[in-house]
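Encoded as structure tokens, the structure appears first; notes follow it.
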Amino acid sequence: MKIMIILTILFSMSSFAQDKKGVRYEYKKFEKFDFDEIGVEGEAGAPGDISVSPRLRNEFKNKLPERSNFNKEMKKAIDGVR
């Protein structure tokens with residue numbers, strides 16, 4: 001009797017373990033939207049308080065040397081035009 005109960009339990013467990021047939025899904029290949037027929041009702045409201053917190057800005061040093069004038073370069077440019 002015990003063997004019969006054990007075999008029944010084993011066969012019932014194996015039946016639950018069987019794979020179900022694969023389900024195949026088919027999706028629409030094309031769908032058309034007509035935006036003229038879509039009606040949207042409601043009120044357009046302005047957004048409330050929009051606050052932006054200031055962020056810290058990095059300050060970089062200028063790696064180029066400062067020059068008081070560019071007279072030499074301007075003379076070369078004028079000579080090139082003539």
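Full extension of the chain between Ser12 and Phe33 yields a length gain of 2.5 nm, computed as 0.36 nm times the residue separation minus the alpha carbon distance.
Model label points for Lys63 and Met4, set 7 angstrom from Cα along the Cα-to-Cβ axis, are 9.1 nm apart.
Values in this text are rule-based calculations from the coordinates and carry no lab data. What you see is a predicted model; the values in this text were computed from it and never measured. Cβ: placed from backbone, ideal geometry, glycine included. Neighbour counts: every protein chain shown.
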